[in-house]
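Here's the structure, in structure tokens; my notes come after.
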Ligand SMILES: Cc1cc2nc3c(=O)[nH]c(=O)nc-3n(C[C@H](O)[C@H](O)[C@H](O)COP(=O)(O)O)c2cc1C
Ligand code: SF4
Ligand code: SF4
Ligand code: SF4
Ligand code: SF4
Ligand code: FES
């Protein structure tokens, strides 16, 4: 990979009409352990944000001894600035279903759920029709697996895996304590492998082309390619599948408007990279990881407003159960407002950064833990904009 | 399944514990105290307050010790710099959302949040006070419970109590983020939802967000009013709990000191609910035998069996909401408190030559649901409100402290008479299985002429904390008038805690079980674990109270309700015989069907 250039890829959306059949027939002849080995070998990491190696997740779920196991597809896509899963579900849903079937076959699950974001209900009718056809196809091919689609309740937190399980189970979407992890006790307390929409499509792709081809792309820590949702101050907003491992600078060269001062990598819960760090930052697990969202800001933007928007989002979307997140988000928000208005001394930002640090290490789930990402990176790099 | 041992280190000290143990439990074994708020020994793990976080070597984040199971080789630090900073932040955050007004708060001095704040010397000024911008409501519509959202720390102990322990789900978490709160169905007031007033949530709320509605001032006013006679009654379980709120360890029997204290507080008559507990046995026992006779001999198919006890007002409200088609199965007997109230303003007033409208009747109860019960519109058979004020054990302790009485130094004094004498069968009403045991002691003897066939009259199978207990008593060599019961097996079941009651009622409703007599108490352990008893509560404390109750029974000169001489006198002078017309008028009641939510 040439770090200083972007490289466009076309694996996710390609569909020649025979792909699903080819992959399913191929997989059916494989031993589940070999499928998992192939996935581990590919180096694919989860595309939903947390970046856990997909093959290992499958391996752990397979290792559990349970009659019931589940495959769950996380289609809750709630991260601000992310809209790639919608595109995937609209254009190549059968590749997502195929990924679920492969996962089910590999781990020994007979049931899969797709949890669809409430805002994507306009896709629901079409998806249900397609999933029925797909379930029939699976049956014809002798797979003991079928997929059901569940619609979400419209809360960002329901994208967090354990809150998502609670929601499918008909309870209030609140994250659970971990351990136990989903691979041990997930949906209905059974071993569950939960993957993002895009992750599952890459599983299909890897099954078709093999791990070697996937591994050729990207870097040691960030194999393969990824779908990016690009928004903000850019003439080229939209969805792009790019090879991983480019620098932010290379990315900005292609997508910036010539005046980019910051890129928010990974949505509201991601990290803000200022211009002075564009050259050093690699987009991937060795640098700034992302679930796909890339927001570009040019010099007309107030980073105070950007941060305030994010904090308002978190104060609203925190599930509210744990103290550091529920109250911490409100304090960070009120805190920067008070500093802006001059009601608190600028040094109060140091107190708030310490609080953000406490949230990072003491909140119950990823939501509260990641508020520190935008907070500290924006406050550190755009301190003047926050104060004045 | 055999449990494995796990080796770990806490603050560099090695310890070996069983798998499944939490880090918190392991730390406690080593005498390292870790603060907790949402954790409660009676409830499932929540892991939401986060004050119990500790550092785990190698982990990216701190871990909540209450929710973290131990693992091999784990190294934990409970008091590192990181931990202390986070903990302090968390307490400060809670306080920033909190309407801190300790000096006028009912929980002052007994509040877990307050003591944590004190322990960590938090600086409340560090963060912005959020509480002033929020519209918090104080719900004081219920006669039993006050819910003050401005004091709530969202630990969800109440929600877990109401949902899992009581199977009521009157309280739930509503909204998210900064608007998240503990709410009733559609935010209706507590008196118009399915809440049973059991007070179990109050017993477990760490702050002043859920407390009993207190009537202390009203009772002082009555005591100080020279025009009225204030009569008080004390429930069985109060005497084994009260000491805990006055500096004694759990399990102390303080009956005599409690009576002495009540006299010093200025009550005109200090009487005993145990007396009407004995009366309940005669009324309810007769009712049961009558139902059995009608069903078995007269083949009357309208008779509802199994008959179920009716002493626990939380249970009554529960069945009225959730199993209203089983209401005919409830005994028509009032609870001992309400029997007492009806007699206080009739029989007792006449005896004393007092005008009924000049009698104020106060009851001291381990229970918050009794406050609600006293306010039920049908509880006015004396022509007045039968029980004017209900105080919990906790409120009585508060009055004793207010009066400057050194409780531990008090002499032991005796109840006034009449309506102050009772049997051991009455005091065990305070423990789950107690009403059953008392009823069996009497009913068996009525039917067979012999004492129940248990050593020392102790019917062990109905005792203890199993959620649902069953026993069968064979009736043999019956007296001629009860010959129709010859050889019959009286099948009994007992449940305590409403989740267990729910299980048992579902089985009854589905017809998967068949019993003759069922005892239900709304609270865990029975009244001794009531919603008005001293806080904290846990199974060990409740067990100590239970042991004290059975000790009290064993030490009573009279052990059987039908041998209480004052009861015999009451029937002779006033009621006639059990289930007489007059008894029905004053001592029995009816129930109301209520909606399921
Ligand atoms: C607050 C929060 C929201 C999340 N939302 C999503 C989401 O919308 N879609 C998603 O795939 N993963 C989301 N995740 C990550 C999931 O918890 C989980 O890690 C992911 O679905 C695993 O799939 P992957 O390994 O394929 O990435 C979210 C995590 C958190 C903490
Ligand atoms: S961190 Fe936030 S979203 Fe996650 S459990 Fe805590 S309050 Fe809920
Ligand atoms: S709930 Fe506790 S901390 Fe709050 S005002 Fe009452 S006593 Fe004080
Ligand atoms: S008093 Fe009992 S029923 Fe009512 S809310 Fe509390 S726990 Fe639930
Ligand atoms: S009312 Fe009490 S028990 Fe319930 S969440 Fe609030 S503080 Fe906790
Ligand atoms: S006591 Fe452990 S999180 Fe509340």
Q. How far is helix A:54-63 tilted off the main Cα axis of chain A, in degrees rounded to 10, range 0 to 90?
A. 50 degrees
Q | Test item: B:145-154 mean partner chain Cβ contacts at 10 Å | A | 1
Q: Output the relative contact order of segment B:105-212, whole-number percent, from Cα pairs under 8 angstrom with separation of 6+ residues.
A: 34 percent
Q. In nm, what is the difference between 0.36 nm times the number of residues separating residue B:506 and residue B:556 and their Cα-Cα distance?
A. 14.2 nm
**Q.** Shape category assigned to segment A:19-215 from the gyration tensor of Cα positions, a/c cut at 1.5
**A.** rounded
Q | Gain in span if fully extended, residue B:581 to residue B:403, counting 0.36 nm per residue against the direct Cα distance | A | 59.8 nm
(Q) Restricting to bridges with both residues inside segment B:5-79, how much of the DSSP beta-bridge set is antiparallel, in percent to the nearest 5? (A) 85 percent
Q.
Please compute the modelled spin-label separation between residue A:140 and residue B:474, points set 7 Å along Cα→Cβ, answer in nm with one decimal.
A. 6.9 nm
Q. Using the alpha-carbon atoms, what tilt in degrees (0 to 90, nearest 10) does helix A:19-28 show relative to the longest principal axis of chain A?
A. 70 degrees
(Q) Could you tell me the relative contact order of segment B:5-79? Use alpha-carbon pairs under 8 Å, at least six residues apart, and round to a whole percent. (A) 41 percent
Q: Provide the FRET efficiency to the nearest 0.05 for the residue B:129-residue B:79 pair, computing r from the beta carbons and using R0 = 35 Å.
A: 0.75
Q) Which percentage, to the nearest 5, of the DSSP beta bridges contained in the protein assembly as shown is antiparallel? A) 50 percent
Q: Give, in nm to one decimal, the length gained when the segment between residue B:481 and residue B:539 is fully stretched (0.36 nm per residue of separation minus the Cα-Cα distance).
A: 16.4 nm
(Q) For a quick check, take a GNM of chain A with Cα springs below 10 Å and name the residue from A:167, A:66, A:377 with the largest mean-square fluctuation. (A) A:66
Q: Give me the distance in nm between label points sitting 7 Å out from Cα along the Cα-to-Cβ direction at residue A:22 and residue A:128, one decimal.
A: 3.3 nm
Q.
Helix-only mean residue ellipticity at 222 nm, chain B, DSSP H runs n ≥ 4 weighted -39,500 (n - 2.57), per residue, nearest 500. What is it?
A. -9000 deg cm²/dmol
Q: Evaluate peptide B:78-84: per residue, the Cβ atoms of other protein chains within 10 Å of its Cβ; return the mean as an integer.
A: 1
Q) If you count, for each residue, the other Cβ atoms within 10 Å and average over each peptide, how do A:129-140, A:40-51, B:18-29 line up from highest to lowest? A) A:40-51, B:18-29, A:129-140
Q: Within 10 Å of each residue's Cβ, count the other Cβ atoms and sort B:97, A:212 from fewest upward.
A: A:212, B:97
Q: Assuming R0 = 51 Å, can you tell me the calculated FRET efficiency for the pair residue A:91 and residue B:385, based on Cβ-Cβ distance, to the nearest 0.05?
A: 0.10
Q. By how many degrees, 0 to 90 and rounded to 10, does the Cα axis of helix A:197-209 deviate from the longest principal axis of chain A?
A. 50 degrees
Q. By its C-alpha gyration tensor, with a ≥ b ≥ c as the square roots of the eigenvalues, how is segment B:115-226 shaped: rounded for a/c under 1.5, else prolate for a/b larger than b/c, else oblate?
A. oblate
Q) Roughly how many nanometres apart are two label points built 7 Å out from the Cα toward the Cβ at residue B:61 and residue B:417? A) 6.8 nm
Q.
Among DSSP bridges having both ends in segment A:19-215, what percentage is antiparallel? Round to the nearest 5.
A. 5 percent
**Q.** Percentage relative contact order, segment A:19-215, counting C-alpha pairs under 8 Å, at least six apart
**A.** 32 percent
Q.
Nearest 500 deg cm²/dmol is fine: what mean residue ellipticity at 222 nm does chain A get from its DSSP H runs of n ≥ 4 alone, each adding -39,500 (n - 2.57), divided by its residue count?
A. -13500 deg cm²/dmol
Q.
Suppose R0 equals 30 Å. What FRET efficiency, 1/(1 + (r/R0)^6) with r the Cβ-Cβ distance, do residue B:352 and residue B:220 give to the nearest 0.05?
A. 0.85
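None of the figures in this text is laboratory data; all of them are computed from the coordinates on show. It should be emphasised that the depicted structure is a prediction, and the values quoted were computed from it without experimental measurement. Here the Cβ is made from the backbone with ideal geometry for all residues, glycine too, and neighbour counts use every protein chain on show.
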